[in-house]
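For reference, the structure is listed below as structure tokens.
The values are calculated or read from the model by the stated rules, or taken from the named source; none is laboratory data. The structure presented is a predicted model; accordingly, all values stated were derived computationally and were not measured. Quick reminder, even Gly has a Cβ in these numbers, built from the backbone with ideal geometry, and neighbours come from all protein chains shown. The protein model used for the area step is the full one, side chains on, heavy atoms only, and it has no ligands, DNA or RNA in it. Shrake-Rupley method; radii C 1.70, N 1.55, O 1.52, S 1.80 Å.
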Amino acid sequence: MAVIPVSLAGRSYSVNVGRGLLERTGELASAYLRKTRVPVVADRNAWALHGRRLEAGLAAAGKTAAVYLVEPGEGSKGWKGLAALTDWLLAEEVERGDHIIALGGGVVGDLTGFAAAILKRGCAFVQLPTTLLAQVDSSVGGKTAINTAAGKNLVGAFHQPSLVLADLAALDTLPTRELRAGYAEVLKYGVLGDSDFFDWLGDNVSSVLSLDESPLEHAVATSVAMKAAIVAQDERETTGARALLNLGHTFGHALEAETGFGDRLLHGEAVALGMVLAARYSARIGSLAPDAADRVAAAVGAAGLPIRVTALALDCEGERLVDHMRHDKKMDAGTLPFVLLKGIGEAYLARDVALKDVAEFLTRELRR
């Protein structure tokens, strides 16, 4: 088992990565479980697959689970879902010193984390991420949010978990498409800040996606360690360091919005395609060598992820995608920063990108 510290002023916590951690939840989280009855918020599918393992882990420490099930999908992560969850937590008499357990992917982690942030002006929570994407990204760093009619993740709070247990055994039941989507966030860390990791992934992509234990643990632990280091530098995304984690997201969120934030394009798939677009746009403006942009696309394609916008068969022009970007929460004084590349492993924040040029670029990509 790998243990990665997330070092924050006065609020440090650990991310444990390994197999069989759900069965050890009561042991590993013992310091945070004050009462016999433990509130657990779980994705319905994740509970069906892993609930017994978690219950066994809690029972070993003399605890029982009070379970609130969340329907899978982004539709659960809105005002209605938040209200229903907070009402349940209040009915369960959750106190400020208690910890809520979140079992599932990014939707459950975001929803539970935000509910914990606002319940009684702040309760604590423990993340048990069951998807690869959640294990390497959304469960670490304290960003919590819900979706609104205006867009995705526009209402939320920075609220760090007390502990993250990333059980690699949970990935055994993950559909192949979901696994590949999560791998996009793993690859992102190599592209934005570690060329050696990028090269290692190139040699080990098949092993990671086959869930070979040692390569998988290395990939997840390395990703978490990179995110932890960036979060420690810039917890609330005020200096620009944490913004680098948004590589692929500005383009990707626009594509998600155009496709309706559904199964047509999963978040990880959107990030993968967004990374390719960020690399190609970087080559367009001369900050990245064209052959490096091709290498990024090849690495994405090697994982079975999309590398061309035309595959989505969108009926729109680039300006429509840019309109989606204008609703991005990173907009500041009418400008939108983009995470672009100077090289593989060398991302930077560009604050002078002309959206008109981005629209022209995207129109070309839509016809490519």
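Under 8 Å for C-alpha pairs, at least 6 residues apart: give me the relative contact order for the chain, rounded to a whole percent.
Taking the mean separation of contacting Cα pairs over the length of the chain, I get 15 percent.
Charged neighbours of PHE125, selected by a Cβ distance under 14 Å, balance to +1 (K, R count +1; D, E count -1). Springs between Cα atoms under 10 Å define the GNM used for the chain, and in it the highest mean-square fluctuation of LEU209, LEU305, LEU165 occurs at LEU209. Counting only residues at least eight positions apart within a chain, or on another chain, the aspartates and glutamates with an alpha carbon under 14 Å from that of LYS63 are GLU23, GLU27, GLU55, ASP98.
Please label the shape of the chain as rounded, prolate or oblate, based on the square roots a ≥ b ≥ c of the eigenvalues of the alpha-carbon gyration tensor (a/c under 1.5 means rounded; beyond that, a/b larger than b/c means prolate, else oblate). Kindly include the intermediate steps, with their values, before the conclusion.
On the way: a/c = 1.87, a/b = 1.54, b/c = 1.21.
Prolate.
Relative to the longest principal axis of the Cα atoms of the chain, helix 176-193 runs at roughly 70 degrees. Measuring with a 1.4 angstrom probe and ignoring ligands and nucleic acids, ILE4 comes out at about 20 Å² accessible.
Can you give me the accessible area per residue for segment 222-368, using a 1.4 Å probe, in Å²?
With the other protein chains kept in place, segment 222-368 gives 42 Å² per residue.
Rounded to two decimals, the Cα radius of gyration of segment 197-251 over 2.2 N^0.38 Å is 1.35.
When the Cα positions of ALA270, ALA303, PRO290 are compared along the charge dipole of segment 265-320, PRO290 comes out farthest toward the positive end, with charges on each C-beta of Lys, Arg, Asp and Glu.
Using every pair of separate Cα atoms, the Kirkwood estimate puts the hydrodynamic radius of segment 53-97 at 12.4 angstrom.
Within segment 98-220, the proportion of Cα pairs with more than 24 Å between them is 33 percent.
I'd like to know which of TYR32, ALA46, VAL6 lies farthest towards the positive end of the charge dipole of segment 1-50, counting +1 on Cβ of Lys and Arg and -1 on Cβ of Asp and Glu. Comparing the listed Cα positions along the dipole, TYR32 ranks first. Counting only Cβ charges, +1 for Lys and Arg and -1 for Asp and Glu, the dipole size of the chain around its Cα centre is about 680 debye. Working from Cα positions, state the angle (0 to 90°, nearest 10) between the long axis of helix 213-233 and the longest principal axis of the chain. The answer is roughly 80 degrees. Here segment 192-328 has 46 percent of its accessible surface on carbon and sulfur atoms, given a 1.4 Å probe and all protein chains in place. Note on the chain: with a GNM built from Cα contacts shorter than 10 Å, the maximum mean-square fluctuation among GLY286, GLY105, GLY75 falls on GLY286. In segment 28-102, one over the average inverse separation of all distinct C-alpha pairs is 13.1 Å, which is the Kirkwood hydrodynamic radius. Of all the C-alpha pairs in segment 189-312, what % are more than 23 Å from each other? Tail of the P(r) past 23 Å holds 36 percent of the pairs. Each Cα pair under 8 Å and six or more residues apart adds its sequence gap; the mean of these over the residue count of segment 320-368 is a relative contact order of 31 percent. When the alpha-carbon atoms of segment 266-308 are used, the pair Rg, Dmax equals 9.9, 30 angstrom.
Helix content alone sets the calculated 222 nm mean residue ellipticity of the chain: runs of n ≥ 4 DSSP H residues at -39500 (n - 2.57) each, divided across all residues, give -14000 deg cm²/dmol.
Here the Gaussian network model covers the chain, with springs between Cα atoms less than 10 Å apart; of GLU256, GLU269, GLU317, GLU317 fluctuates the most. In terms of its C-alpha gyration tensor, segment 1-131 comes out rounded, because the ratio a/c of the largest to the smallest axis stays below 1.5. Magnitude of the charge dipole for segment 127-260, about its Cα centre and with charges confined to Cβ atoms of Lys, Arg (+1) and Asp, Glu (-1), is about 520 debye. Where a ≥ b ≥ c are the square roots of the eigenvalues of the C-alpha gyration tensor, would you call segment 159-205 rounded, which needs a/c under 1.5, or, failing that, prolate if a/b is larger than b/c, or oblate? Oblate, since a/c reaches 1.5 and b/c is not below a/b. Can you say what percent of the DSSP beta bridges in segment 1-76, counting only those with both residues inside, are antiparallel? Round to 5. Of the beta bridges lying entirely in segment 1-76, close to 40 percent run antiparallel.
Here the accessible area of segment 100-145 is 55 percent carbon and sulfur, with a 1.4 angstrom probe and all protein chains present.
Applying Stokes-Einstein at 25 °C and 0.890 mPa s to the Kirkwood radius of segment 124-168, computed over alpha-carbon pairs, gives a translational diffusion coefficient of 218 µm² s⁻¹. Given segment 240-368, what whole percent of its Cα pairs are spread farther than 27 Å? Every Cα pair in segment 240-368 considered, those over 27 Å come to 9 percent. Based on protein heavy atoms only, segment 1-127 ends up with 44 Å² per residue of surface accessible to a 1.4 Å probe. Summarising the strand pairing of the chain, around 40 percent of its internal DSSP beta bridges are antiparallel.
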